[in-house]
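Worksheet: the structure to be examined is printed underneath.
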Amino acid sequence: MRERQASQGARRAREFEAFVAGAAGRLLHTATLLTAEAPDDNPRARRLLTLALAHTYACWDRLRGEDPYDRTRRYLATRFAHGAWHQYGALGRARPHPTGALAHLTPQERLVLVLRLYEGVAEEQTAALLGLPTERVRALCDRATATVLHPPRGPAPAVTEAKVAAS
């Protein structure tokens, strides 16, 4: 009996290691986009990915034909949304101070944009995952795309007396 459990445990570990070897890079990139951190300095994204992979490993035997990548991505998204809600009060209000390309987006806009455009999740699936109407997901994706394509401008540079005198 113990030998069978040991061989099942070893098989489970090998399968999970193979999954992580194939999917961890893309999942880390997804987590990095969600947290809007720089790719070379992303501790929040790494922590988020570690939690998602731990959750997937814990339920590995219960997947029964379910795609482990999809399960991990769903947990990553819901964990990010849950963390953003509790850390910043709501998904749309206060933001951290990230420096990534998606830094001007709210956490909810980032989540929708990453799921829809980077991960290729359908609007209906994204809406179901986040508990939002499909129209809201579409609006968030459109607004986030517009913000990324046309980022808000910073404050205008101040005109100094030296510049005025030189003119």
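Can we say GLU124 is within 27 Å of THR72 (Cβ to Cβ), open to solvent by 60 Å² or more (accessible area, probe 1.4 Å) and either assigned to a loop (DSSP other than H, G, I, E, B) or at pLDDT 85 or above (or both)?
yes
Filter the range 1-14 for residues that are assigned to a helix (DSSP H, G or I) and open to solvent by 80 Å² or more (accessible area, probe 1.4 Å) and give the result. Matches in the range 1-14: ARG2, GLU3, ARG4, GLN5, GLN8, ARG11, ARG14.
Restricting attention to the range 49-71, the residues being at negative phi, among the basic types (Lys, Arg) and exposed (fewer than 12 other Cβ atoms within 10 Å of the Cβ) number 1. Checking each residue in the range 146-167 for being among the polar types (S, T, N, Q) and either modelled with pLDDT of 95 or more or open to solvent by 100 Å² or more (accessible area, probe 1.4 Å) (or both) picks out only SER167. For first residues located in the range 17-35 and of a type in the set (Ser, Thr, Tyr), partners that are open to solvent by 70 Å² or more (accessible area, probe 1.4 Å) and lie 6+ apart or on another chain with Cβ distances below 6 Å form the pairs THR32/PRO39. Of all residues assigned to the range 102-117, none qualifies as being more than 13 Å from THR30 (Cα to Cα), outside any loop (DSSP other than H, G, I, E, B) and either modelled with pLDDT under 90 or of a type in the set (A, V, I, L, M, F, W, C) (or both). Taken over the range 57-70, the criterion of being over 12 Å from GLU15 (Cα atoms) and part of a helix (DSSP H, G or I) is satisfied by ALA58, ARG62, TYR69, ASP70.
May I ask you to verify whether ARG46 is closer than 23 Å to ARG79 by Cα, open to solvent by 90 Å² or more (accessible area, probe 1.4 Å) and either in contact with a Lys or Arg (Cβ under 8 Å, 6 or more places away or on another chain) or part of a helix (DSSP H, G or I) (or both)? Spelling it out, ARG46 is indeed closer than 23 Å to ARG79 by Cα, open to solvent by 90 Å² or more (accessible area, probe 1.4 Å) and either in contact with a Lys or Arg (Cβ under 8 Å, 6 or more places away or on another chain) or part of a helix (DSSP H, G or I) (or both).
The values are calculated or read from the model by the stated rules, or taken from the named source; none is laboratory data. Not measured: the values here are computed from a predicted model. Note that each Cβ is placed from the backbone with ideal geometry, even for glycine, and that neighbours are counted across all protein chains shown. All accessible areas refer to the heavy atoms of the entire protein, side chains included, with ligands and DNA or RNA removed. Shrake-Rupley method; radii C 1.70, N 1.55, O 1.52, S 1.80 Å.
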